[in-house]
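Nothing in this text is a laboratory measurement; each read-out follows from the coordinates by a stated rule. Worth saying up front: this structure is predicted, and the values here are computed from it rather than measured. Heads up, the Cβs are rebuilt from the backbone with ideal geometry, glycines too, and the neighbour counts pull from every protein chain shown.
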Amino acid sequence: MHTKKIISLFFIISICFSFLFMYVSTSAHKKEESTLIGKTIFIDAGHGGKDDGASADGVLEDYINLKISGYLYEALIDSGAYVLVSRTSDYDLASMYQKNRKREDLKNRVKYINASKTDLFISIHLNAYKTDSVNGAQVFFQDNIKSNLLATHIQNQLNKITKKERKIKKGDYYILNNSTRVGVLVECGFLSNELERKKLNTEEYQRQIAKMIKKGIVDFFNS
Ligand SMILES: [Zn+2]
């Protein structure tokens with residue numbers, strides 16, 4: 001074959017592959033976008049108010065939980081989901097004169113989740129540990145198959161950005177144990193690890209975490 005013909009053939013094949021790639025990626029994108037239409041998702045930003053949650057070097061868990069939850073809210077709304085949240089600012093859910101604020105706060109979160117009849121809920125948290133080398137995100141599930149599946153999909157997505165192969169774990173948390181809706185609790189990273197703390201404190205990483213949680217939710221509904 002002449003060199004010119006070979007070049008033309010190569011050119012035509014390249015164009016065909018480009019169109020095929022565009023078609024496949026557009027289809028995948030459309031599927032991802034349409035999956036969430038009409039779905040109800042409850043986002044619970046952990047802690048708030050007097051309860052800062054975990055902290056390290058002046059970085060507070062409740063603040064970053066709220067930021068990640070906000071970006072997740074945006075991402076889900078953009079894809080047509082109906083999204084409910086437990087809080088939108090720095091407060092807890094206990095009544096003004098309640099002595100045991102922590103207990104009432106958690107009780108109210110569960111009450112709102114159960115009353116919402118949401119398809120699923122995601123409780124956003126950060127971790128801290130005495131050994132500062134420990135890092136990575138981990139998803140905790142309720143004792144049921146759907147929660148396990150949801151946790152698996154979110155964990156798979158989060159492992160891509162944390163570059164860790166963390167496994168899901170059954171969680172003994174009030175919100176998981178007492179909710180009648182399917183849900184998971186996501187520990188998005190360790191504030192006790194300096195490198196992860198610095199990343200978690202950036203908008204870029206908060207948005208990335210939110211994006212991966214959303215992908216996990218989409219995978220769950222598509223599975
Ligand atoms: Zn927490």
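Brief remarks follow.
- Selected from Lys111, Lys102, Lys130 as most flexible by GNM, with the chain as the system and alpha-carbon contacts under 10 Å: Lys130
- Neighbourhood charge, 12 Å Cβ-Cβ cut-off, centred on Gly171 and excluding it, Lys, Arg +1 and Asp, Glu -1: -1
- Among Val83, Ser95, Ser223 - extreme Cα towards positive end, dipole of the chain, charges at beta-carbon: Ser223
- Highest GNM mean-square fluctuation among Lys211, Lys67, Lys117, for the chain modelled with Cα contacts below 10 Å: Lys117.
- Pairs exceeding 19 Å between alpha-carbon atoms, taken from Lys39/Lys214; Lys102/Lys199; Lys169/Lys198; Lys163/Lys211; Lys146/Lys169; Lys67/Lys199: Lys102/Lys199; Lys169/Lys198.
- Ranked Met212, Met96, criterion: other C-beta atoms within 10 Å, fewest first: Met96, Met212
- Which of Tyr82, Tyr112 has the fewest Cβ neighbours within 10 Å, and the rest in rising order: Tyr82, Tyr112
- By the rule of a C-alpha distance below 21 Å, with chain neighbours fewer than 8 residues away ignored, the lysines paired with Lys99 are Lys50, Lys107, Lys111.
- Neighbour-count ranking [beta-carbon atoms within 10 angstrom, fewest first] of Thr35, Thr180: Thr180, Thr35
- Candidate cross-link partners of Lys130 among the aspartates and glutamates, defined by an alpha-carbon separation under 15 Å and a same-chain spacing of 8 or more, comprise Asp57, Glu194, Glu196.
- For the pair region 207-222 and region 32-111, the centres of their Cα atoms are 17 angstrom apart.
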